[in-house]
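Take a look at the structure below.
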Amino acid sequence: MALFDRAWMESWRRLVNADEGLQVIGRYFTADLIFSFGDTSYLVSIKNGAIEQIREGTGNAPRDGLAFRGARDVWEQFVQPMPPPRYNGIFPLVFGKLLIMEGDEIVFWQNLRALTVMTHLMRTASR
Amino acid sequence: MVRLDPIVGRFAYIPYAGTDYRVYFEEAGQGIPLVCLHTAGADCREWRHQLCDSDITRDFRVLAFDLPRHGKSIPPDRWWKEEYRLTAKFYADFVMAFCRTLELQKPVIMGSSMGGNICLHLAARFAEELRALIAVEGCEYSPGGFIDWWWHPHVHGGEVAAAAMLDIMAPQSPENYRWETCWYYAQGGPGVFKGDLYFYSVDHDFRERCGEISGKAPLYFLTGEYDFACTPELAEATAKKIKNAEATAMREIGHFPMSENPALFKRYLMPVLEKILRAGSAAR
């Protein structure tokens, strides 16, 4: 398993789907999200706070969803066990323009807590 | 035997501009008044650790109050008819009204985030009445925070504010304290966080005004390296423009030093408090 490969994504999916908190706070979180790690992209389908499906490839931001696009080294910093300043969360990454967010912005604001917890679990997937 | 915090909470009526504001405040300790200002959208609970720290309360009477609309301080009459926007004038005036009503003699003001930013206004306008100011996570200009999503009918304002704040704290800070800070955010009144950010990001702009600060009351900037809204570099650049100011960067701490990691914050705060004490002794 290497960072951001298919096996890593599946490892992250298992962590997300096993997280007790997400089962509560993500109950109404259903959306398609694109994560672009440099040249590697996935379409992640979230249903009720769990990752239902992961597909490789990319395209435009999904309708009623979001795309998070960033350079590979930005994500590499983010997934460190102790990420450096400015790289420690999805909110600072987007607000600090280290990630480009495209799509339906309301999905981000409505589900920021679940998104934050979900993306934190990428750190555990990287260990 | 019951375990009690040394904090005493009370309500005081603070007159300002024709209104008697019913204001909640907590205090502990004795000595030099140290008035603590909470962050945007939060309340005085953020200072509970410092209020309970005998190393601080031995020499300082620590007071922390909830601004109107925050915590247990109710809004003024007719609040439901207007959009709340905190202004620099109201905020600075109200801090001084609190100090004067409680007859605090030459207090030290310590504020975080918007409470740090207001320290510049207080230093410019009221230095003669103040002993010193400690701007935690404060700087001359902090744009970008005044956005509609903080108060939008399709977004839970408490949840979104709390979630956004989680990651402007340092990952090294204890998890329970980070989430406790989020809890305060989740409890803010509708539109209050956004209204406070009007001051933080719009009405506060000291880029051309640092020269107005006389330096009669020393100004100490303490800034966490994980605070991307007010970075240590921004605070240091601000301090360089102000007479009798100094800046310290705090490693492994974020935007909420007093509540996210009180033990680590104490290591940076105590030397500043000791300087203030020494200056007081020298002046006698």
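The values are calculated or read from the model by the stated rules, or taken from the named source; none is laboratory data. Remember, predicted model here, so these are calculated numbers, not experimental data. All Cβ positions, glycine included, derive from the backbone under ideal geometry; neighbour counts span all protein chains shown. Accessible surface is based on the protein model in full, side chains and every heavy atom, while ligands, DNA and RNA are left aside. Shrake-Rupley method; radii C 1.70, N 1.55, O 1.52, S 1.80 Å.
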Query - log₁₀ of I(q)/I(0) at q = 0.29 Å⁻¹ - segment B:220-284, Debye sum with one point per alpha carbon - result: -1.18
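Hey, got the average number of other protein chain Cβ atoms within 10 angstrom for residues in A:106-112? Spell out each step's value before the answer.
On the way: counts 4, 0, 3, 13, 7, 5, 11.
Rounded to a whole number, the mean comes out at 6.
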Query raised in the report: What number in nm² do you get for segment B:168-284 if you take the convex hull of its Cα atoms and divide its surface by four?
Result: 8.6 nm²
Report summary line: Listed by chain and number, the residues whose amide H is under 5 Å from that of B:Met110, excluding neighbours fewer than 5 places away on the same chain and using placed H, are B:Val35, B:Cys36, B:Leu37, B:Ile134
Report task. Under 17 Å from a label point 7 Å along Cα→Cβ of A:Asp5: give me every residue in segment A:105-127 with its amide N that close. Result -> A:125-127
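When Cβ neighbours within 10 Å are restricted to other protein chains, what is their mean count per residue of peptide A:114-120? Write down the numbers at each step before the final one.
Working: counts 2, 1, 6, 2, 0, 1, 3.
Shielding by partners across A:114-120 averages 2.
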Query - Sorted peptide list for B:28-34, B:249-255, B:267-273, criterion being average Cβ within 10 angstrom, highest first - result: B:249-255, B:28-34, B:267-273
Report task. Convert each backbone phi in segment B:270-277 into a coupling constant with the Karplus relation 6.51 cos²θ - 1.76 cosθ + 1.60 (shift: θ = phi - 60°), then list the ³J(HN,Hα) values in order as whole Hz, x for Gly and Pro. Result -> 4, x, 5, 4, 5, 4, 5, 5
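Net charge around A:Leu121, counting only other residues with Cβ within less than 15 Å of its Cβ (Lys, Arg = +1; Asp, Glu = -1)?
Details: positive: A:Arg13, A:Arg14, A:Arg113, A:Arg123, A:Arg127; negative: A:Glu10, A:Asp19, A:Glu20, B:Asp167, B:Glu175.
Overall, the nearby charge balance is 0.
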Report task. Would you count, across chain B, every pair of lysines whose alpha carbons are under 18 angstrom apart, provided the pair is eight or more residues apart or spans two chains? Result -> 10
Report task. Mind telling me which of A:Ile106, A:Ile90, A:Ile34 comes out most flexible in a GNM of chain A, alpha-carbon contacts under 10 Å? Result -> A:Ile106
Requested in this report: Taking the Cα atoms of the protein assembly as shown, report the difference between the largest and smallest coordinate on each principal axis, in whole Å and largest first.
Outcome: 71, 56, 43
Query raised in the report: How many Cβ atoms of partner chains, on average, are near each residue of B:145-156 if near means within 10 Å of its Cβ?
Result: 2
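In whole percent, what relative contact order does segment A:6-122 give with Cα contacts below 8 Å and a gap of six or more residues? Each step should come with its number before you reach the end.
Details: 195 pairs, mean separation 29.0, N = 117.
The normalised contact order for segment A:6-122 reaches 25 percent.
Relative contact order of chain B: what whole-number percent is it, with Cα pairs under 8 angstrom and at least 6 residues apart? Please list the in-between numbers first.
On the way: 618 pairs, mean separation 53.3, N = 284.
It comes to 19 percent, rounded to a whole number.
Where does chain B land at 222 nm, in deg cm²/dmol rounded to the nearest 500, when only DSSP H runs of n ≥ 4 count, each adding -39500 (n - 2.57), divided by all residues?
Details: 10 runs with 99 residues, N = 284.
My calculation for chain B gives -10000 deg cm²/dmol from helical runs alone.
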Report summary line: Phi-derived 3J(HN,Hα) across segment B:28-33 with the Karplus relation (6.51, -1.76, 1.60, θ = phi - 60°), rounded Hz, x for Gly and Pro, is 7, x, 8, x, 5, x
Query raised in the report: For chain B, rounded, prolate or oblate, judged on the Cα gyration tensor with a ≥ b ≥ c (square roots of eigenvalues), a/c < 1.5 rounded, else prolate if a/b > b/c?
Result: rounded
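What is the Å³ per residue value for the convex hull set by the Cα atoms of segment B:1-143?
Numbers: hull volume 17.1 nm³, N = 143.
For segment B:1-143, the hull spanned by Cα atoms encloses 119 Å³ per residue.
Assuming a ≥ b ≥ c are the square roots of the Cα gyration tensor eigenvalues, decide whether segment A:6-122 counts as rounded (a/c under 1.5), prolate (otherwise, with a/b larger than b/c) or oblate. Working shown, then result.
Values: a/c = 1.26, a/b = 1.15, b/c = 1.09.
Rounded, because the longest to shortest axis ratio a/c is under 1.5.
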Requested in this report: Rank these residues by their accessible area, most exposed first, probe 1.4 Å: B:His154, A:His120, B:His204.
Outcome: B:His154, A:His120, B:His204
Query raised in the report: What are the ³J(HN,Hα) values, in whole Hz, obtained from phi via the Karplus relation 6.51 cos²θ - 1.76 cosθ + 1.60 with θ = phi - 60°, for each residue of segment B:230-243 in sequence order, with x given for Gly and Pro?
Result: 9, 7, x, 5, 5, 5, 5, 4, 5, 4, 5, 8, 10, 5
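How do the peptides B:213-219, B:68-74, B:55-61 rank, highest first, by the average count of neighbouring beta carbon atoms within 10 Å per residue? Kindly include the intermediate steps, with their values, before the conclusion.
Numbers: B:213-219: 18.9, B:68-74: 21.4, B:55-61: 17.1.
Those peptides, ordered most packed to least, come out B:68-74, B:213-219, B:55-61.
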